[in-house]
Amino acid sequence: MSDLVAALAVLRDRFGHAAFRPGQADAIEAVLAGRDAAVLLPTGAGKSSCFQVPAVVLAARGAGVTVVVSPLIALMNDQVDALRGRGVAAAAIHSQQDDGDRLAALAAAERGELAIVYVSPERAVSPGFLRLLGRAPIAMLAIDEAHCVSQWGHDFRPEYMRLAELREVVDAPMIALTATATPRVMAEIARGLALRTPVTVRGDFRRPNLAFEVQHHRGDEPRLAATIEALDRAGLRPRSGAGRGIVYCSTRKKTEAVASALVSAGFAAGHYHAGRTGLARDRAQSAFALGRTRVLVATSAFGMGIDYPDVRVIVHFQAPGSLEAYYQEAGRAGRDGEPGHCLMLFGAADLMTQRRLHDRSAGGHHDEALAQLERYAHAASCRQQLLCAHFTGTEDHAACGRCDACIDPAAVRAAGGRSGRARAAGVGDGASGAAPAAGDASAAVLGAAVQEVIVAAVGAATRKVGRINLAKALRGSQAKAVVAQGLERLPQYGALAELEEDAIVATIDQLIRDRRLVRRGRKYPTVALPGAPKPRRATGAEDPGGRADRPRGAGPRTSSVTLELDRYRKRMARQLKWKTYMVFQRGVIAAIDQLRPTTKEALARIPGLGPAKIARFGDDILAVVRRQAVQPVRD
């Protein structure tokens, strides 16, 4: 019996499917032939079958157990329960088990009695488990949610970077699977997992039954109205009936507020986020699964492995952090093939929320992801075409005919244009209007959300800072004065990149008039929080008119290592046609200058330099350090 015939028999007899979905047969055939595989299939396209089916085939042949690395305990337990229900010998090994169950699962795996064993990435590379892998018969390694390997991915987890160590003790094919990865991320997955000439499988990312839509709203009131309209259109207001809906929010506080508002509006709604107790989360998910609540308001904590066939509508009350996250969450609609509605509510303040939430150690990776998301929100072409092109890297996708841009392109262009003009004028969520700013009557004073960012940035500054340099830093400028003052290290650096500098300066002046900030100094005035102790003298300064102008001879001297590395990354960015920050961040340069690494092992300890970048740029960086370390500093 050929490999594919055997696999089809397992698919039919154990899993109840008559035929493979697109991409599944290619992935299964590759691993059964002993090849590595990198699999990109959209949410709902049957990724798990790509390793579960061959695992059963290999176990029946006596080849051994398949080890599946999965990031979530709940997802492991769900899949193990489903497999056991189909008569497949499976187990999970994780921290929430009691010692007896864990030891029994380990012993069964070592004896070759299991077809599949699930483990977390942390446990997979633990010394004890690696020893087990060296003793047990291992048929295959499967890395689920493999985009977690990549720092360009939306769920990067450092533990995934060590999974290549499994290849040192196991000589078996490895299959890496993800539902959301761009071509760049797929390449980094292959490198990060040390895949050996992998067969690459890309599925069809079209979801013809889903209608994608973007609406531009400022403030919660219109967003709530749009959410209620979408839920009503899906028939979800009655407490019983067919179908359900998910509303995603970015923060726990917003999740609770939206759920409360929906309950007040007559919906059977619950809420789910990581801040609730485990029991409360289980009850919320159980009520949703059993139909006692038809709408669940959740953060991204309600994520991987969620599989309900009859989700009729997905609303993103706030824009998520990337197109990858959006497509994964929106893709939970319409898994039964029936129509589904995916609505994103977008405002400029959503980007600031995501910047605050996100670990800034990812730096430019997240900035680029937000830029891609913003371009999608303002686009006037087919939404599904844009999403498919993002993941496949090709443009040959037919228009869906169902999204807002296909149905009414003129209205979409008008809405995107209005939003763009509002952003250019500095009118974001919670904007307070267009009060004139001192020195620039045309600039609008920005709203409460932006004002909070400005005040937080002033509080985070460790040196004196003038209003112009502060505005430049908040927009992500790499001007000489901004760099000299170290303002690119502010947590709020680049948080207002989409706003005009004059509008930010006008808002700083308004904050001074409102006494939320104070002006200090006469010749070179700076801004500070009221009552704050005076920081060290600023290295850059501004003239009385407020224009940045660093005095000759002022400021710290910059080491030759920093200067040379900055020149190198700009040169490489030109050669690779990248943005400068994509080579490596200024924070990386500062760390290199401080630590002066002499080996690639030392480079690997610097945050922001992953294996892929060390492989590409490591030798050059070390050469710069060796060449420049003994040279004198320069102004």
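Tabulated data
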| quantity | calculated |
| --- | --- |
| Residue in the range 244-251 that is assigned by TED's automatic domain parsing to the domain that holds residue 126, over 29 Å from residue 336 (Cα atoms) and not in a helix (DSSP H, G or I) present | no |
| Qualifying residue in the range 173-190 (condition: farther than 30 Å from residue 394 by Cβ and either touching a helix residue (DSSP H, G or I) at 6+ places or on another chain (Cβ under 9 Å) or crowded, with 16+ Cβ neighbours inside 10 Å (or both)) | no |
| Residues within the range 454-471 that are of a type outside the set (Lys, Arg) and surrounded by 22 or more Cβ atoms within 10 Å (Cβ to Cβ), tallied | 10 |
| Residue match in the range 137-150 (condition: modelled with pLDDT under 90, farther than 23 Å from residue 28 by Cα, polar (S, T, N, Q) and surrounded by 24 or more Cβ atoms within 10 Å (Cβ to Cβ)) | yes |
| Of the criteria (1) in a helix (DSSP H, G or I); (2) at pLDDT 90 or above; (3) over 18 Å from the mean Cα position of the chain (by Cα), which one residue 333 fails | (1) |
| Verdict on residue 93 being among the β-branched types (Val, Ile, Thr) and surrounded by fewer than 18 Cβ atoms within 10 Å (Cβ to Cβ) | no |
| Residue 474 being touching a residue at least 24 places away in the same chain (Cβ under 8 Å) and in contact with a Phe, Trp or Tyr (Cβ under 8 Å, 6 or more places away or on another chain) | yes |
| Number of positions in the range 135-176 that are among the hydrophobic types (A, V, I, L, M, F, W, C), out of contact with any strand residue (DSSP E or B) (no Cβ under 8 Å at 6 or more places or on another chain) and in a loop (DSSP other than H, G, I, E, B) | 3 |
| The range 482-504: number of residues that are assigned to a helix (DSSP H, G or I) and buried (at least 24 other Cβ atoms within 10 Å of the Cβ) | 4 |
| Subset of the range 48-79 that is modelled with pLDDT under 90 and among the aliphatic types (A, V, I, L, M) - its residue that is nearest to the chain's Cα centre (by Cα) | 72 |
| One residue from 149, 170 being in contact with a helix residue (DSSP H, G or I) (Cβ under 6 Å, 6 or more places away or on another chain) and farther than 24 Å from residue 614 by Cα | 170 |
| Scope the range 66-90; condition without any contact (Cβ under 8 Å) to a residue 60 or more places away in the chain and surrounded by 15 or more Cβ atoms within 10 Å (Cβ to Cβ); matching residues | 73, 76, 77, 80, 82, 83, 89, 90 |
| Residue within the range 261-282 that is in contact with a His (Cβ under 8 Å, 6 or more places away or on another chain), modelled with pLDDT of 90 or more and of a type in the set (A, V, I, L, M) present | no |
| Any hit, the range 177-187, residues being assigned to a strand (DSSP E or B) and in the same structural domain as residue 131 (by TED's automatic domain parsing) | yes |
| Matching residues, the range 212-234, being assigned to a helix (DSSP H, G or I) and not basic (Lys, Arg) | 220, 221, 222, 224, 225, 226, 227, 228, 229, 230, 231, 232 |
| Residue in the range 164-202 that is modelled with the lowest pLDDT, counting only those that are within 21 Å of the chain's Cα centre (by Cα) and among the small types (Gly, Ala, Ser) | 181 |
| Candidate set from the range 238-294 (those that are more than 27 Å from the chain's Cα centre (by Cα) and in contact (Cβ under 8 Å) with a residue 60 or more places away in the chain); member that is surrounded by the most Cβ atoms within 10 Å (Cβ to Cβ) | 243 |
| Residue within the range 262-271 that is closer than 22 Å to residue 327 by Cα, in a loop (DSSP other than H, G, I, E, B), out of contact with any strand residue (DSSP E or B) (no Cβ under 8 Å at 6 or more places or on another chain) and small (Gly, Ala, Ser) present | no |
| First in the range 14-37 and under 10 Å from residue 49 (Cβ atoms), second anywhere and surrounded by 15 or more Cβ atoms within 10 Å (Cβ to Cβ) and aromatic (Phe, Trp, Tyr), Cβ under 8 Å, 6 or more apart | 28/20 |
| Residue match in the range 345-360 (condition: among the hydroxyl-bearing types (Ser, Thr, Tyr), farther than 30 Å from residue 243 by Cα and in the same structural domain as residue 302 (by TED's automatic domain parsing)) | yes |
| Residue that is surrounded by the most Cβ atoms within 10 Å (Cβ to Cβ), among those in the range 369-386 that are in a helix (DSSP H, G or I) and in contact with a Pro (Cβ under 9 Å, 6 or more places away or on another chain) | 384 |
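The values are calculated or read from the model by the stated rules, or taken from the named source; none is laboratory data. From a predicted model like this one, the values you see are computed outputs, not experimental measurements. When we count neighbours, we look across all protein chains shown, and the Cβ atoms used for this are built from the backbone with ideal geometry, even at glycine.
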